[in-house]
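Heads up, the thing below is written out as structure tokens.
Since every read-out is calculated from the coordinates, none of them should be taken as a lab result. Remember, it's a predicted structure, so these values are computed and weren't measured experimentally. Cβ atoms come from the backbone with ideal geometry, glycine included; neighbour counts cover every protein chain shown.
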Amino acid sequence: FAHTVITSKIINRVNESREATFEVELPKTAFITNFSMSIDGKLYPGIIKEKASAQKEYDTAVSQGQSAGLVKITGRKLEQFHVSVSIAAASKVTFELAYEELLKRQLGLFEVLIKVRPQQLVKHFQIDVHIFEPQGIRFLETDSTFMTNELNEALTKVQNETKAHILFKPTVDQQKVNPELDETLLNGDFLVRYDVKQVATAGDIQIFNGYFVHYFAPQEMPVFPKNVIFVIDRSGSMAGRKIEQTREALLKILQDLRPEDHFSCITFNNKVVEWKSALLQATAENVASAAGFVRTITARGGTDINHALLTAVSVLDKAERLPERSVSMIILLTDGQPTSGESKVEVIQENIQKAVNGKYALFCLGFGFDVSYNFLEKMALSNGGIARRIYENSDAALQLQGFYQEVATPILMKIEMQYPDNAVEGLTKNNFKLFFEGSEIVVSGKISNELDLLPVEIKAQSVSVELGNHEKCIVSMLSFIVQRSKCQREGTKTVGLLNHSTTSRKIVSYFQCFVLYYKLLTSLSTLQIPYSQNIQWESTAKQIFLDIIIKNIIYQKNTTLVHEECEMLFSLL
């Protein structure tokens, strides 16, 4: 969990009013918890309003020439917060933006992305990151897209068993492109990556003020063999760079298959073409044959997603001589809407869910912005997988490979996190189809204040026959008892950027709001209802979340910040 505070101080040294702009790029998954301005020592705090009801006020403010700002998408991971204000002669303004972000563990690491773009030399520039992990810090590194030897001298890192401090404080001279020009080198990404020590078999639990958060990330477990079918869109819209990048990524992914894996490839436009009619083991000979097939893929024709996916399910259904304990999955890559065969997305979603019937996991990759991403996401979530957008950039092939790496190493399946029924309520999602090496399961809920111990049972299936004598290899029924007095910690998975001050009380209550909201929207994605009704339900979910965050003083991108005294509105779209 990361708590970030960004502060910008601007002084108008001329004898006339000037416009000051505060512009920050923040992660899409972040929740704004505060924005305030201080003009000549007078504080203007923000209050929360629902976006739709505040739209009229926002339009009025803009039409009257008053200062206003928006949050908008600027890339695959970021949104932009922008506000301008007029500063009187010889006056100064201080902007302060705070946001919270739940860090997601991917490929064994947590990552904090800080976008650095001051657009000028800054006399007092500083990035100050504090990490505190009671479990212990296993790994820590920093990276940057703009670092030079001179700037590297301004970077210091101090680390012990449970804490780390990273300070980046370049002087004005160090920031310059060269001594003769007043141009800044600071333009790009500053990244902090780290991981924690996994000391307890059943994970780590934090309890505070009636709430708990349970982190579970088992390690060093054998990997399930995979039975994977790649379903690739080769319709006309994939022509050009898209199909080239897809071929490039697939060729490298094929090389990453393990010898015990089984696989096949299906391509489709308005017709479906199978590399082979059955799954084959990933031997060197079969991988080479599949690579030859991939090199011949060309793009033309329509898009029959329904037929392609039903064909993939049929191949898995008919598969023989597969490893007894293995994970079967379908990976779909498409860039457009269904235009051939069955074209109604509701019918396609229903057909695929009925065919899969919980037996396999479906992962959907949407290439570009012409694709119906909501449709892909709903279809993936309904079938035990996830969806991911692939951006049409020069690194699209790397994005595809990166996604495959995330799902290439399943180590547990059918995971159930069980807690006493009479001890917890408001529980977030606690059962999961698959767990991949390097990721993390997080469960939260409200706990009885009178409970002194929290028993936890974790059930899952593993590939290892040493985990149990049962046919399904149940992982022990792990028991984990937690004493509340030992869990009142000062913070966990917390990274502070500037003025860091976060407590467990704040972390756990914020976290509960985050995961309940995501659980609500995820549940909507799996409902068998028309999209028009789904939009109404999503609106209801956002209103419920708004009620929650008002009680917890959290601002999120579905709300609007209003500075009433200053007559400012910030529409967080």
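Could you work out how much longer the chain between Gln255 and Asp40 gets when fully extended? Use 0.36 nm per residue separation minus the Cα distance between them, nm to one decimal.
Working: separation 215, 0.36 × 215 = 77.40 nm, distance 6.18 nm.
Gain on stretching Gln255 to Asp40: 71.2 nm.
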Review point. Once amide H atoms are placed 1.01 Å from N in the peptide plane, what residues at a sequence separation of 5 or more from Val228, or on another chain, have their amide H within under 5 Å of its amide H?
Key: His262, Phe263, Ser264, Met329
Exercise for review: Within 10 Å, count the other beta carbons around each residue, average over each peptide in 438-445, 170-177, and list them highest first.
Suggested key: 438-445, 170-177
Point to revise | Ordering of 419-430, 353-364 by packing [mean C-beta count within 10 Å, highest first] | key: 353-364, 419-430
Study note, to complete from the structure: Projected onto their principal axes, the Cα atoms of region 226-408 stretch, largest extent first, over whole-Å spans of 37, 36, 28
Review point. Of all the Cα-Cα pairs you can form in region 245-332, what percent are over 22 Å apart?
Key: 25
Study note, to complete from the structure: Per residue, the convex hull enclosing the alpha carbons of region 104-197 has a volume in Å³ of 90
Review point. When Lys and Arg each count +1 and Asp and Glu each count -1, what net charge do the other residues less than 14 Å away from Asp256, Cβ to Cβ, add up to?
Key: -2
Exercise for review: Given a cut-off of 31 Å, name the pairs among Lys378/Lys459; Lys252/Lys344; Lys157/Lys378 whose C-alpha atoms lie farther apart than that in the structure shown.
Suggested key: Lys252/Lys344; Lys157/Lys378
Practice item. Express the relative contact order of region 149-228 as a whole percentage, based on alpha carbon pairs under 8 Å and six or more residues apart in sequence. Key: 15
Review point. Remind me, relative contact order of region 226-408 in percent, using alpha carbon pairs under 8 angstrom and six or more residues apart?
Key: 24
